[in-house]
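Some notes on the structure that comes next.
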Amino acid sequence: MFLIVGVSPKIKILDTNPRICPVCGLARAYYKRVDHYLYLFFIPILRIKKGKPFIMCERCEKTVHEFKEEYGHPADRKSAMCHHCGKDLDKNFKYCPYCGIRL
Ligand SMILES: [Zn+2]
Ligand SMILES: [Zn+2]
């Protein structure tokens with residue numbers, strides 16, 4: 001019998017206001033979260049795992065977490081801080097993904 005109960009990830013957009021992508025500088029990055037839901041007949045009935053929020057750029061199709069790994073050098077893992085909102089950022093970012101200011 002085909003499985004009618006299952007667990008699937010569901011992408012939730014936490015903020016529909018686009019944010020500045022720290023790499024390409026365009027306002028195409030969205031604050032999202034992947035939650036895992038228990039599905040019954042393809043209908044999500046129960047959230048079983050709440051994911052960590054992340055920022056994903058629709059143009060680059062990468063998450064900010066992936067940017068960090070790609071641009072991070074083992075020698076200087078230190079993150080920079082946004083001088084405007086005070087959030088921890090990768091120092092290779094050109095823009096702050098939280099407030100959109102140019103760094
Ligand atoms: Zn981008
Ligand atoms: Zn900022």
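Would you pick out the residues in the range 1-55 that are among the charged types (D, E, K, R) and closer than 30 Å to residue 82 by Cα?
12, 15, 19, 28, 32, 33, 35, 50, 52
Return the residues of the range 55-103 that are at pLDDT 80 or above and β-branched (Val, Ile, Thr); say none if nothing qualifies.
55, 101
Which strands (runs of 3 or more DSSP E) sit wholly inside the range 1-55 and have at least 3 residues that are open to solvent by 90 Å² or more (accessible area, probe 1.4 Å)?
It comes to 5-19, 43-49.
The values are calculated or read from the model by the stated rules, or taken from the named source; none is laboratory data. On a predicted model such as this, the values are computed, not experimentally measured, just so you know. Calculation scope for accessible area: heavy atoms of the full protein, side chains included, ligands and nucleic acids excluded. Shrake-Rupley method; radii C 1.70, N 1.55, O 1.52, S 1.80 Å.
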